[in-house]
Amino acid sequence: MNTLASENVVLVGFMGSGKSSVGRLLARALHGRFVDTDRLVVERTGREITDIFATEGEAFFRREESRALDSLLGQRGLVVATGGGIVTVPKNVEALRRLGVVVWLTAEEEVIWTRVSRNRQRPLLHTENPRATVRNLLAARNPHYQAAADLRVDTSTITHAVVAGRICELLKDWPGRG
Ligand code: S3P
């Protein structure tokens, strides 16, 4: 049975773990609709994320992100990519798990760094030492991803398409939240 008929699929993980790219492929494979909470925030506010962080700050962004997440509850047939910090708000973790099966995409720290240092679109990494910021944020967030996740796929050495394929395989054995 197609998992999306009964449950949405929710991707969590650090910046650069491939949530959006994998999510698009997965939505196609499962005949679902792809949704990205970052995109929802941009659409809702009419502003880019870097702009929101710069002018309103992170707390404002987190409130909009929680709203975006809550707006999806009750919908079906979704593959949802989330922002890397969504799990840091405790009530979001509950909402993520209500929304669907939560898949944690991981990658080795060095791989994450290679991926995220390619662009400047991530305001949390606009620090004096972004490499150290990645290390510290990863250490702080990993327990939150772990607590939220039902399934986990390491993306360090495989393509987005292979990651999507692995998730499809894992979903076949997923018993449902019950
Ligand atoms: C953030 C990750 C970003 C975006 C925002 C904050 C974070 O999403 O939500 O810049 O706190 O890790 P991606 O994980 O898609 O880069």
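Readers should treat all values here as calculations from the given coordinates under stated rules, not as data from a laboratory. As the structure is a computational prediction, the values presented were derived from the model and not from experiment. Backbone-built Cβ (ideal geometry, glycine too); neighbour counts: all protein chains shown.
Remarks
- Label point distance in nm, Ser21-Ser117, each placed 7 Å from Cα along Cα→Cβ: 1.7 nm
- Gaussian network model of the chain, springs between alpha carbon atoms under 10 Å - residue of Leu138, Leu105, Leu96 with greatest fluctuation: Leu138
- Region 8-172: relative contact order in percent, alpha carbon pairs under 8 Å with at least 6 residues between: 35 percent
- Among Arg166, Arg67, Arg118, the residue with the largest mean-square fluctuation in a Gaussian network model of the chain, with springs joining Cα atoms closer than 10 Å, is Arg118.
- Cut-off 11 Å between beta-carbons: net charge of the residues surrounding Ser6, Lys and Arg +1, Asp and Glu -1: +1
- Qualifying GluC sites (Glu not before Pro) for region 16-59 [loop in DSSP, other Cβ within 10 Å: at most 14]: Glu48, Glu56
- Degrees, to the nearest 10: 130-148 long Cα axis against longest axis of the chain: 30 degrees
- Taking every DSSP helix (H) stretch of at least 4 residues in the chain, weighting each as -39,500 (n - 2.57) and dividing the sum by the residue count yields a mean residue ellipticity at 222 nm of -16000 deg cm²/dmol.
- Every Cα-Cα pair of region 1-112 was included, and the share exceeding 22 Å stands at 30 percent.
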